[in-house]
Amino acid sequence: MSTNINLIDSFQEFKDFKNIDRPTVITVLEEVFRSMIRKRFGTDENVDVIVNPDNGDLEIWRTRVVMEDGFSEDDDLEIELAEAHRYDPELEVGDDYIEEITLESFGRRAILAARQTLVSKILELEKDEVFKKYKDREGELVIGEVYQIWKKEMLVLDEDGNELILPKTEQIPADYFKKGDSLRAVVHKVDMMNNNPKIIISRTAPEFLQRLFELEVPEIFDGLITIKKIVREPGERAKVAVESYDDRIDPVGACVGMKGSRIHGIVRELRNENIDVINFTTNHSLYISRALSPARISSIKIDEENDTAAVYLKPDQVSLAIGRGGHNIKLAGKLTGYEIDVYRESDEEEEDVDIEEFADEIDSWIIDEFKRVGLDTAKSVLALSEEELIRRTDLEEDTIREIVRILQAEFE
């Protein structure tokens, strides 16, 4: 119908909207037209609206009952015989008078208002669809393209052009992206703000690491291996507890892969984050021992009531248990649910000296640096090579050499 062109010209842009199928758009179109009809005629109950789903062409047919002259009580539902005969002389009382209503008869202003309503409804519908789509995908992996970078967040577009927000707090510290880069993340949180869907994605959430494992390890994807728990210090270290219900499958070996082939890709994606994969067990002592990897534990005393564990290690294992920046022991605690205290095994044959005893000869900030990495006695420091001490503490070579000289003098 040529008379429909003012409004229906825009149908092509409507039917191609993202995330909305054609039948839904047709329903919205019909509702907008019916709203126009109700405003003009007071009712739409005797009106048929037909929208062609292929091209959006519109037909409106209005039916009124023919009444005897002078007996019509509602012009919107009835038409008197004399008036009906002007259009069709063969009509009789009781017949249906069917007429076609052209869109142009509503007037230009009504058509423009209807188009505005149509755009508004379609946009609102699209936002609802995007919200529902991503609300159902929380925790799932998404791939997007970096579109805009700000100080506190990054705007990422998915394959359909939907806007995803990657806040700075959800980025790995070593992450570096520029406009046009492709990135992977998980859908972290989806909210509706001011009628607009706000989709937050994350690269620091434990679920992100879990999805990466599912991609790289078929046995996890197939359910042969279960990830029991993941804890992370993004960009630094992660611990993953895995379990297999099939005795023939080594869950740790399957996750790491031949010569680390499977885990290398995950480590690269996480900007060289150290990943410890350990076998889950209900034996709490063994679980804590595994969680403190790579340190070798001598013995453990567990207080089940207070969820604490006292772990005893040889002096050279203390710093490994604590880890750089304390990440290892912190993650082990989160993974097992126990507050872990590390103790150095006493050696009756040799007497050790607390490093604080050297405060007169060693600056306090240097002592603090040693204690920060778990080296709080003279012998724990002397047990490591100078190269290892430099690497762990970031102190200068001359400083380390002088400290070693002072400590060795104590035992000479």
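The values are calculated or read from the model by the stated rules, or taken from the named source; none is laboratory data. What you see is a predicted model, and the numbers here were worked out from it, not measured in a lab. Here the Cβ is made from the backbone with ideal geometry for all residues, glycine too, and neighbour counts use every protein chain on show. Surface areas here come from the heavy atoms of the whole protein model, side chains and all, with no ligands, DNA or RNA. Shrake-Rupley method; radii C 1.70, N 1.55, O 1.52, S 1.80 Å.
Per residue, how much accessible area does the chain show when a 1.4 Å probe rolls over the protein heavy atoms, in square angstrom?
Using a 1.4 Å probe on heavy atoms only, each residue of the chain averages 56 Å².
Given H placed 1.01 Å from N in the peptide plane, which residues other than close sequence neighbours of Tyr343 have an amide H under 5 Å from its amide H?
Val311, Tyr312, Leu313
Just going by the charge dipole of segment 23-141, with Lys and Arg at +1 and Asp and Glu at -1 on Cβ, which of Val25, Phe106, Thr63 is farthest out on the positive end?
Val25
Binning every alpha carbon pair distance of the chain at 20 Å from zero, what are the percents per bin?
Over the chain, the share of Cα pairs per 20 Å bin runs 19, 32, 22, 15, 9, 3, 0 percent.
Please give every one of the lysines within straight-line cross-link reach of Lys228, meaning a C-alpha to C-alpha distance under 17 Å, and leave out same-chain neighbours fewer than 8 residues apart.
The qualifying lysines are Lys239, Lys334.
For segment 172-184, just list the computed ³J(HN,Hα) in residue order, Karplus coefficients 6.51, -1.76 and 1.60, θ = phi - 60°, integers in Hz, with x standing in for Gly and Pro.
5, x, 8, 4, 9, 10, 10, 4, x, 5, 9, 9, 10
What is the Cα coordinate range of segment 38-120 on the first, second and third principal axes, sorted by size from largest, in whole angstrom?
If we take the Cα atoms of segment 38-120, the spans are 44, 25, 20 Å.
If the reach is capped at under 22 angstrom between alpha carbons, list the lysines near Lys133, excluding any in the same chain fewer than eight residues apart.
Filter leaves Lys15, Lys18, Lys121, Lys189, Lys198.
Looking only at segment 311-342, which residues have a backbone nitrogen under 13 Å from a spot 7 Å from the Cα of Lys301 in the C-beta direction?
So the set is 311-313, 341-342.
Pull up the cross-link candidates among the lysines for Lys314, meaning alpha carbon to alpha carbon under 18 Å and not fewer than 8 places away within one chain.
Of all the lysines, those that pass the test against Lys314 - Cα under 18 Å, at least 8 places apart if same chain - are Lys301, Lys371, Lys379.
From the backbone phi of segment 153-170, what are the Karplus-calculated ³J(HN,Hα) couplings (6.51 cos²θ - 1.76 cosθ + 1.60, θ = phi - 60°) in whole Hz, Gly and Pro given as x?
7, 10, 9, 10, 9, 7, 5, 9, x, 6, 8, 10, 10, 10, x, 4, 5, 9
Using amide H atoms built in the peptide plane, which far-off residues or other-chain residues are under 5 Å from Ile225 H to H?
For Ile225, the qualifying residues are Ile220.
Shape verdict for segment 143-295, please, from the Cα gyration tensor: rounded (a/c under 1.5), prolate (a/b greater than b/c) or oblate.
Taking the square roots of the gyration eigenvalues as a ≥ b ≥ c, segment 143-295 is prolate.
To the nearest 20 Debye, how big is the dipole of the chain about its Cα centre, given +1 on the beta carbon of each Lys and Arg and -1 on that of each Asp and Glu?
1040 debye
Over segment 171-293, what percent of the accessible surface lies on carbon and sulfur atoms, probe 1.4 Å?
Summing carbon and sulfur atoms, their accessible area is 47 percent of the total for segment 171-293.
What is the set of long-range amide H partners of Glu78 at a cut-off below 5 Å, with H atoms built 1.01 Å from backbone N?
Under 5 Å from the amide H of Glu78: Val65.
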